[in-house]
Amino acid sequence: MVTSLGNQNLIDNQLWQVYCDIYFSGYLRKQPLLHSLNNKKGAVISIWNPLGGYFGQLKNNQLGRAKRALLRHVNHTHFLLWGCSKDFTYRELSVFIEVNQNEAQRFAKLAQQLAYYYIEDGMLVLKSTYQVNTQQELGRLLKHIITRPNSLGLSNLTSGLDKGFGIENEA
């Protein structure tokens, strides 16, 4: 899925399309995600599955803790949310950080993510981390916010690796 060219990581078209079909949901069931993101400018960056890799729950949890510790160390306010499919069959733990575009790209590189989402004026843009001029406008953020279904199980890890995302179900 990832092609390396020198020190650049290029995203293939299939993976880019998966990134384009993104939805966001609150990390906690009752988190008012739209209210949390309303009138904000910043980035949504995955803290799981670096460089488009496939990692299990344990490794992703370790990666997530390390990346959140880094954010706290550099004193960036952030909150957790899910980047997910519309039907919630897969999801990837992410953070929203109020930062400018340069800081967003810098953190996406530190998090070893191939791409990240930038929100400004209620619009959502997918940006490649390593190909500076590669981006795609995805439209109004509002159209990419979904409510988490109530039917998810408790602490049940299922395999979404064929789609490139770790799945962790929690209460």
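Residue check: is LYS163 more than 18 Å from ILE45 (Cβ to Cβ), among the basic types (Lys, Arg) and either at pLDDT 90 or above or surrounded by 19 or more Cβ atoms within 10 Å (Cβ to Cβ) (or both)?
no
Looking across region 69-103, the residues that are under 12 Å from the mean Cα position of the chain (by Cα) and aliphatic (A, V, I, L, M) come down to LEU80, LEU81, LEU93, VAL95, ILE97. If we scan region 40-49, do we find a residue that is modelled with pLDDT of 85 or more and of a type in the set (D, E, K, R)? Within region 40-49, one or more residues are modelled with pLDDT of 85 or more and of a type in the set (D, E, K, R). For region 122-131, the criterion of a residue being in a helix (DSSP H, G or I) and either crowded, with 20+ Cβ neighbours inside 10 Å or at pLDDT below 55 (or both) is satisfied by no position.
The values are calculated or read from the model by the stated rules, or taken from the named source; none is laboratory data. On a predicted model such as this, the values are computed, not experimentally measured, just so you know. Don't worry about glycine lacking a Cβ; one is built from the backbone with ideal geometry, like all the others, and counts go over all protein chains shown.
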